[in-house]
Amino acid sequence: MNLDAFNQFCSQFAATSHVVQWGDSEVWKVGGKVFAIGFTTKKGTPAYTFKTSPLNFDFLSDSEGYIPAPYFASRGMKWIQQIDTGGSLDEELEYYLSESYRLVALGLSKRKRTELGIEVEAKDLELD
């Protein structure tokens, strides 16, 4: 996935906003809270950062193509960075970006979700 495809995918979620910040990173938010970040590495390749459940964080931390997100994970947050963006992980990335959106939206107050017109399901999820 390239950055244009990343931006197009993230723009499909309800009540999102997009800003370019933190050194030209493509930052996607829901209700003012970040759920996805895309940027170009010093090597010139794209990388994507997103929030995960604790279980997915543990799984992805040990999976090829992913690392704990340097800034977020070092502060105890469950964020992962996909660093292998050669195309084989695009479907996985779409799933994890969708889950990140859901997790962040669930972290908003019920009132805020109602104001934004967001309907998300908690499933059986630990928010942390």
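The values are calculated or read from the model by the stated rules, or taken from the named source; none is laboratory data. This structure is a prediction, so every number in the text was calculated from the model and none was measured. Glycine gets a Cβ as well: all are built from the backbone with ideal geometry, and neighbour counts include every protein chain shown. The accessibility values were calculated without ligands, DNA or RNA, using every heavy atom of the protein model including side chains. Shrake-Rupley method; radii C 1.70, N 1.55, O 1.52, S 1.80 Å.
A few comments on the model shown:
- Carbon and sulfur %, accessible surface of the chain computed with the full protein complex present, 1.4 Å: 48
- Angle between the chain longest axis and helix 90-107 axis [Cα atoms, degrees, rounded to 10]: 40
- On the basis of the beta-carbon distance and an R0 of 41 Å, T114 and N2 show a calculated FRET efficiency of 0.70.
- In this structure D24 has an accessible area near 120 Å², from a 1.4 Å probe over the protein heavy atoms.
- Among the trypsin sites (Lys or Arg not before Pro) found in segment 25-76, those both in a DSSP coil and sparsely packed, with 16 or fewer other Cβ atoms within 10 Å of their Cβ, are K42, K43, R75.
- The largest accessible area among Y48, Y95 belongs to the first residue in Y95, Y48, and the rest follow in falling order (1.4 Å probe, all chains).
- R0 of 22 Å, Cβ-Cβ distance I67-D24: FRET efficiency to nearest 0.05: 0.60
- Dividing the mean sequence gap of close Cα pairs (under 8 Å, 6+ apart) by how many residues the chain holds gives a relative contact order of 24 percent.
- Surface exposure of the chain, expressed per residue as accessible area with a 1.4 Å probe, stands at 58 Å².
- Take the chain and mark each of the GluC sites (Glu not before Pro) that is in a DSSP loop with at most 14 other Cβ atoms within 10 Å; the longest unmarked stretch, sites excluded, is 1-63.
- Globularity ratio of the chain, using Cα Rg and 2.2 N^0.38 Å: 1.00
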